1. Does segment A:38-59 contain at least one residue that is farther than 30 Å from residue A:118 by Cα and surrounded by 14 or more Cβ atoms within 10 Å (Cβ to Cβ)?
2. Can you tell me which residue within segment A:1-19, out of those that are in a loop (DSSP other than H, G, I, E, B) and more than 20 Å from the chain's Cα centre (by Cα), is surrounded by the most Cβ atoms within 10 Å (Cβ to Cβ)?
3. So, residue B:299, is that one free of Cβ contacts under 8 Å to residues at least 60 places away in the same chain and closer than 29 Å to residue B:43 by Cβ or not?
4. So residue B:363 fits all but one of (1) crowded, with 23+ Cβ neighbours inside 10 Å; (2) closer than 24 Å to residue B:128 by Cβ; what number is the exception?
5. If we scan segment B:319-335, do we find a residue that is in contact with a Gly (Cβ under 7 Å, 6 or more places away or on another chain), under 17 Å from residue A:25 (Cα atoms), outside any helix (DSSP H, G or I) and within 14 Å of chain A (Cβ to nearest Cβ)?
6. What's the number of the only condition in (1) touching a strand residue (DSSP E or B) at 6+ places or on another chain (Cβ under 7 Å); (2) within 26 Å of residue A:132 (Cα to Cα); (3) modelled with pLDDT under 95 that residue A:94 fails to meet?
7. Tell me, yes or no, whether segment B:97-114 has at least one residue that is surrounded by fewer than 20 Cβ atoms within 10 Å (Cβ to Cβ), in contact with a helix residue (DSSP H, G or I) (Cβ under 7 Å, 6 or more places away or on another chain), away from every other protein chain (no Cβ under 14 Å) and more than 30 Å from residue B:362 (Cα to Cα).
Amino acid sequence: MRERILSYIEHNSRIDIEDLAMMLGSDKITIMNELEAMEAEHVICGYPTLINWDKVGVDKVSALIEVRVTPQRGMGFDKVAERIYNYPEVDAVYLISGGYDFMVSIEGRTLREVADFVSSKLSPLDSVLSTQTNFVLKKYKDHGVIMAEQHVDEREKVSP
Amino acid sequence: MRNPLNQKISDIKPSGIRKFFDIVAEMPEAISLGVGEPDFDTPWKVRDEAIYSLERGRTFYTSNSGLKELRVAIADYLKRRYDLSYNPMSEMLMTVGGSEGIDAALRAMLDPGDEVLIPQPCYVSYEPCTILAGGVPVPINLKEENEFRLKPEELESAITDKTKVLIMPFPNNPTGAVMEEEDLKPIVDLVIKHDIFVLTDEIYSELSYTGKPHISIASFPGMKERTIYINGFSKSHAMTGWRLGYACGPEKIIAQMTKIHQFAIMCAPTTSQYAAVVAIRECDEDVKNMREEYNDRRRYLLERFKKMNIKCFEPYGAFYIFPSIAEFGMSSEEFCTRLLREKEVAVVPGTAFGDSGEGNVRISYAYSIENLKKAMDRIEEFVNELREKN
């Protein structure tokens, strides 16, 4: 049940609870209790909305920054990650296998703002050895959604 | 000028669904729940394989029977999913959709006057294909009280000494009915006793929601040698436009079907066949996900109709539900036409699938839940208005 609920709200957190209950052969109260429990357990960590800012005309610049660090004794990478993810500009931080340690995703209003963050906040951190900033030129798909596409039903309206 | 036309084809009425389609075509804003094809896109890896095959220049005919690699993969799949054993070299033919297989099988088996038993309501092609093959269609009117399953007494009373073929259209379009093991057993006994052949159209076999695996009539002892098994990629893998299906059966019948196919068609589309190798080998997970989503929508619609107090048996297959509209005292066609004109929702009258569909309408759930919800809200309004007036 949990998995089925999650698979629906992962793609549409605004789904009507009553509809969801009917689809899963359950009732509204059960689904609501399950959702509340999962929120309390932090299985559900939030309900953000996927926005195509390009269409709003709001300038946004995002960058994926590869960061190499020295892990701290006894704390591994977690302590370093915490120093980074606490900045509100930082959108996501992943520990990565391969040629560098963290992938940090950040968002700013301008190129300058992002560059300033890297040079004045991120790079000077003690454990940070190097950074490489990759600016995002175009976002094609995010969270499983193709940004540019609007799905049109091209089927014949009635068929046997 | 002489009449250029063949009498048999001229006498066949156009599909009842066609008439309804023409009305819907005038109303572009209408929400439709009228389609008989999946709303999902063909899985990308299948489409990608098709593109790759074109890049490689695989644009020639395949053998008449179809790509060997594909037939071998299908034989594996049939064994794995339905415990059916067919020799891919001699007992299988790749066809242009399941439809071609139905047509070729009837043409290969029927002599003039042979009777074909057709449980109705059912898909629209069995009757005309029977007539065109020189056979005589004999409808068996299935009943709602039996959840539109075929009962042995219904079968037995339709059998004559001219009966040659029984068509088994399950899971069923338009009713969504299925035949489970205990339903099939007595049918199998009768078929063997009366020495009848079976044409089983299992195009919806992947869409069964009984919680048990779909069971094929061809898998019963003594049945393989008297059954033509039809399946394809349209419904299971959301590949309607690719036009690819297959027929399996005794070598003797498949050989004659291959002859018809050879002269009429040559071979199934080559690009589709290459893509289908990936579909049959690598897409079990995609098929399962689609089935789960269909099942959720099925439950949703059943619950909505239950709340509206509309009689609707629980269908366990395909992607249709078949609620009863008999309480409103109008024909299925009138109900559908008014629903379309007054609320702009298109559903298909049960009578488009045979006389025994009177009193019911076919609702397809090959639509997103948002779409279904919008349509169901309007149907609810319509039903409430009808009840207020009565």
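1. Start the filter on segment A:38-59 by keeping residues that are farther than 30 Å from residue A:118 by Cα, which leaves A:38-44.
When the remaining residues are screened for being surrounded by 14 or more Cβ atoms within 10 Å (Cβ to Cβ), the result is A:38, A:44.
Among the residues of segment A:38-59, at least one is farther than 30 Å from residue A:118 by Cα and surrounded by 14 or more Cβ atoms within 10 Å (Cβ to Cβ), which makes the answer yes.
2. Only one residue tops the list, namely A:16.
3. Numbers: free of Cβ contacts under 8 Å to residues at least 60 places away in the same chain: yes; closer than 29 Å to residue B:43 by Cβ: yes.
So residue B:299 fits the description; yes.
4. Unmet condition: (2).
5. Looking for residues that are in contact with a Gly (Cβ under 7 Å, 6 or more places away or on another chain), under 17 Å from residue A:25 (Cα atoms), outside any helix (DSSP H, G or I) and within 14 Å of chain A (Cβ to nearest Cβ), one finds at least one in segment B:319-335, hence yes.
6. (3)
7. Checked segment B:97-114: no residue is surrounded by fewer than 20 Cβ atoms within 10 Å (Cβ to Cβ), in contact with a helix residue (DSSP H, G or I) (Cβ under 7 Å, 6 or more places away or on another chain), away from every other protein chain (no Cβ under 14 Å) and more than 30 Å from residue B:362 (Cα to Cα).
Each row is one residue, and each column tells you yes or no for (1) under 16 Å from residue B:349 (Cα atoms); (2) of a type outside the set (A, V, I, L, M, F, W, C); (3) not assigned by TED's automatic domain parsing to the domain that holds residue B:291.
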{"site": "B:11", "(1), (2), (3)": "no, yes, no"}
{"site": "B:19", "(1), (2), (3)": "yes, yes, no"}
{"site": "B:22", "(1), (2), (3)": "yes, yes, no"}
{"site": "B:32", "(1), (2), (3)": "yes, yes, no"}
{"site": "B:35", "(1), (2), (3)": "yes, no, no"}
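The values are calculated or read from the model by the stated rules, or taken from the named source; none is laboratory data. What you see is a predicted model, and the numbers here were worked out from it, not measured in a lab. Neighbour counts run over all protein chains shown; Cβ positions are idealised from the backbone, glycine included.
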